[in-house]
Amino acid sequence: MPEFIPVVEKEDIHRQITRVAAAISADYEGRELILIGVLKGAFIFLADLARCLTLEKIKIDFLQASSYGADTVSSENIALKKDVDLDIRGKDVLLVEDIVDTGLTLTRLIAHLKGFGPRSVRVCAMIDKRERRKVAVAVDYACSTVADGFLVGYGLDYAENFRNLPEIYHMKL
Ligand code: IMP
């Protein structure tokens, strides 16, 4: 049985989301914002973030990149499994990601979204995990920053398990 060490507790998650949501609401005031969640890991984070935003016009969409499967290290070949449905041409887009590790997934997704000609693309991540970054990528809004370790809970999985844990844990196999 793996060991689970708490990294971000419930109160902290909600405090950080409130802080980031206030910054996003201020930056996009009076504009329409399209939130694009990266499936599956970002679904809980996006649901909580969206409800904290005070903007009047918000649309929500999702895309999905290939996952780690049962591995805990990044794959360099990132395929797109599900594309966005909304027309984002000329729109302000906020990509909502669970965790940024090497930055490869995000770089690939940003390039893909830019191909649709949006007005802007920014990134909001629940966790910015910096130590294994391979490509420089701007995380415009980050809730928590961690050095390293494999995390589960609050949407994050290990082989599709543990997404439902209400807090974020460091999982030690
Ligand atoms: P990157 O391409 O290495 O930045 O990895 C990004 C994706 O890998 C995230 O969207 C997650 O799905 C997954 N990932 C990275 N680190 C972790 C982790 O610690 N726990 C669970 N999933 C992770």
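Checking every residue in region 68-77 against the condition of being among the polar types (S, T, N, Q), within 11 Å of the chain's Cα centre (by Cα) and within 16 Å of the ligand (Cβ to nearest atom) gives zero matches. On the stretch given as region 121-146, residues that are assigned to a strand (DSSP E or B) and acidic (Asp, Glu) total 1.
Scanning region 148-171 for residues that are in a loop (DSSP other than H, G, I, E, B), more than 10 Å from the ligand (Cβ to nearest atom) and either open to solvent by 50 Å² or more (accessible area, probe 1.4 Å) or closer than 18 Å to LEU109 by Cβ (or both) gives GLU160, ASN164, PRO166. Residue count for region 10-46, restricted to those that are among the small types (Gly, Ala, Ser) and more than 16 Å from the ligand (Cβ to nearest atom): 6.
Of all residues in region 108-147 being within 12 Å of the ligand (Cβ to nearest atom) and within 23 Å of GLY90 (Cβ to Cβ), which is modelled with the lowest pLDDT? Going through the qualifying residues, I end up with ARG108. Within region 101-117, the residues that satisfy the criterion of being assigned to a helix (DSSP H, G or I) and open to solvent by less than 70 Å² (accessible area, probe 1.4 Å) are LEU104, THR105, LEU106, THR107, LEU109, ILE110, ALA111, HIS112, LEU113. Just wondering, is there one or more residues in region 146-165 that are farther than 24 Å from ILE17 by Cβ and among the β-branched types (Val, Ile, Thr)? Among the residues of region 146-165, not one is farther than 24 Å from ILE17 by Cβ and among the β-branched types (Val, Ile, Thr), which makes the answer no.
The values are calculated or read from the model by the stated rules, or taken from the named source; none is laboratory data. What you see is a predicted model, and the numbers here were worked out from it, not measured in a lab. Cβ atoms come from the backbone with ideal geometry, glycine included; neighbour counts cover every protein chain shown. When the accessible area is computed, the model is the full protein with side chains, heavy atoms only, and any ligands, DNA or RNA have been set aside. Shrake-Rupley method; radii C 1.70, N 1.55, O 1.52, S 1.80 Å.
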